[in-house]
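Asks: The structure is given below, and queries will be raised subsequently.
The values are calculated or read from the model by the stated rules, or taken from the named source; none is laboratory data. For clarity, every value in this text was computed on a predicted model and none was experimentally measured. Virtual Cβ from ideal backbone geometry, glycine too; neighbours counted across all protein chains shown.
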Amino acid sequence: MQYKIPLSSSLIQLDAKFEISSADTNYIDDFEASLGNYLQQEKKIVVLNSGTSAIHLSLILAGVKQDDEVLCQSFTFSASANPIVYCGAKPIFIDSEKETWNMCPVFLEEAIKNRMAAGVKPKAIIVVHLYGMPAKMEAISTIAKKYKITLIEDAAEALGSTYKNQKCGTFGDFGILSFNGNKIITTSGGGALVCKHEEDKQKAIFLATQARDNAPHYQHSQIGYNYRMSNVLAGIRGQMEVLDKHVALRRKNNQFYKALFKDVNGITVFAAPTKDYFSNHWLSCVLIDSAITGFTSQELRLQLEKDNIESRPLWKPMHLQPVFKDCLFFGTDVAESLFTNGLCLPSGSNLTEEDLDRISSTINKFL
């Protein structure tokens with residue numbers, strides 16, 4: 001059997017200038033500084049062991065406590081929603097809109113009005129830039145400010161993406177980044193919390209390092225967490241130097257799929273709705289209208305699997321997950337339809353011409 005073509009493989013590019021030279025060097029500070037420079041704003045960065053940790057800390061910093069309500073995009077990976085439950089709070093899920101597949105501003109405001117009419121003001125909003133596509137941040141930010149609700153921006157999949165020339169991860173009160181193994185750059189594992197204020201950054205570091213009080217002995221007045229990124233992983237900060245290259249390669253993959261499917265009726269490649277949206281195309285995705293094509297996204301997935309090519313259904317919405325079945329949901333069937341009809345295709349930064357030829361051959365044979 002031929003080697004497997006993964007959906008989004010890990011790619012750590014190391015040469016001499018990226019290697020860790022001394023355990024005494026503070027690579028954490030260097031990595032945080034390089035991230036801040038890249039985001040091009042006066043932001044305070046805290047590197048952590050995962051994007052999930054960053055979401056959890058952002059909720060704590062937003063004051064989310066037991067029985068509070070948090071509005072969360074439904075069409076996303078569970079890591080966007082799970083930290084709400086870590087805090088003992090209740091997720092309220094919001095449907096997507098069809099252009100960016102992200103949180104629908106109309107249903108967001110509808111949910112806020114509904115909960116406030118019930119006597120409950122949501123504590124935070126978690127919006128996601130799914131598959132690297134920026135959400136409608138102007139509208140969503142306006143709503144968050146109107147109702148004075150903390151906005152948490154999950155840009156775990158969107159490092160390198162921009163909305164109206166502003167970097168994703170810098171719109172919210174807090175931004176979330178991820179350096180997991182399958183992301184556009186990786187430290188093999190890790191994430192970052194983007195803060196607006198130095199006070200929030202210092203509180204996040206305090207909580208991420210077991211909340212140790214300022215005392216000569218180990219004293220703790222509140223619960224802390226073991227969330228800080230290790231110095232060794234932070235030492236792989238050289239990935240920042242190849243970020244733009246990786247973004248270009250992922251966007252090239254998206255163009256490959258556009259060309260592959262351009263004459264196929266019923267298959268739509270996920271693309272930016274206007275020039276305001278610049279996606280890193282972390283994953284390239286398609287929607288398949290089976291009424292036109294005569295086959296489903298799952299049938300194509302199984303054919304690719306036979307040829308040892310990995311593809312995957314789009315995220316199953318959170319409001320359809322068994323663990324969240326009792327949570328409130330505001331919307332229609334947009335997210336559900338995307339899940340039913342969508343497919344993520346191989347999108348790694350290290351796809352070779354041979355890989356692309358194999359993918360093309362398999363798909364054309366199936367068609």
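Asks: Return the residues of segment 258-271 that are surrounded by 19 or more Cβ atoms within 10 Å (Cβ to Cβ) and under 17 Å from PHE295 (Cβ atoms); say none if nothing qualifies.
Replies: Hits for segment 258-271 are LEU260, ILE267, VAL269.
Asks: Restricting attention to segment 211-228, does a residue exist that is under 15 Å from the mean Cα position of the chain (by Cα), farther than 16 Å from PHE31 by Cβ, of a type in the set (S, T, N, Q) and in the same structural domain as GLY36 (by TED's automatic domain parsing)?
Replies: For segment 211-228, residues under 15 Å from the mean Cα position of the chain (by Cα), farther than 16 Å from PHE31 by Cβ, of a type in the set (S, T, N, Q) and in the same structural domain as GLY36 (by TED's automatic domain parsing): absent.
Asks: Could I ask something else about it? Determine which member of the set GLY348, GLY331, GLY294 is surrounded by 15 or more Cβ atoms within 10 Å (Cβ to Cβ) and over 22 Å from CYS168 (Cβ atoms).
Replies: Every option except GLY331 fails the conditions.
Asks: Restricting to segment 246-273, count the residues that are without any contact (Cβ under 8 Å) to a residue 12 or more places away in the chain and of a type in the set (Lys, Arg).
Replies: Total meeting the criteria: 2.
Asks: Oh, and also: Are there any pairs with C-beta distances below 7 angstrom linking a residue in segment 329-346 that is at positive phi to a residue that is of a type in the set (Val, Ile, Thr), with the two at least 6 apart or on different chains, and if so which?
Replies: GLY331/ILE94
Asks: Any chance segment 277-288 includes a residue that's at negative phi, more than 24 Å from the chain's Cα centre (by Cα) and surrounded by 18 or more Cβ atoms within 10 Å (Cβ to Cβ)?
Replies: no
Asks: Checking the structure you have, find out if any residue of segment 196-213 is touching a residue at least 12 places away in the same chain (Cβ under 8 Å), buried (at least 24 other Cβ atoms within 10 Å of the Cβ) and either more than 23 Å from ARG251 (Cα to Cα) or touching a Gly at 6+ places or on another chain (Cβ under 7 Å) (or both).
Replies: Checked segment 196-213: at least one residue is touching a residue at least 12 places away in the same chain (Cβ under 8 Å), buried (at least 24 other Cβ atoms within 10 Å of the Cβ) and either more than 23 Å from ARG251 (Cα to Cα) or touching a Gly at 6+ places or on another chain (Cβ under 7 Å) (or both).
Asks: Go through (1) more than 12 Å from the chain's Cα centre (by Cα); (2) under 19 Å from ASP29 (Cα atoms); (3) crowded, with 22+ Cβ neighbours inside 10 Å for GLY175 and report which single condition fails.
Replies: Going through the list (1) more than 12 Å from the chain's Cα centre (by Cα); (2) under 19 Å from ASP29 (Cα atoms); (3) crowded, with 22+ Cβ neighbours inside 10 Å, GLY175 breaks only (1).
Asks: Could you check, for segment 311-328, whether at least one of its residues is touching a helix residue (DSSP H, G or I) at 6+ places or on another chain (Cβ under 8 Å) and assigned to a strand (DSSP E or B)?
Replies: yes
Asks: Of the residues that make up segment 215-238, is at least one among the aromatic types (Phe, Trp, Tyr) and in contact (Cβ under 8 Å) with a residue 40 or more places away in the chain?
Replies: Yes, there is a match, as at least one residue in segment 215-238 is among the aromatic types (Phe, Trp, Tyr) and in contact (Cβ under 8 Å) with a residue 40 or more places away in the chain.
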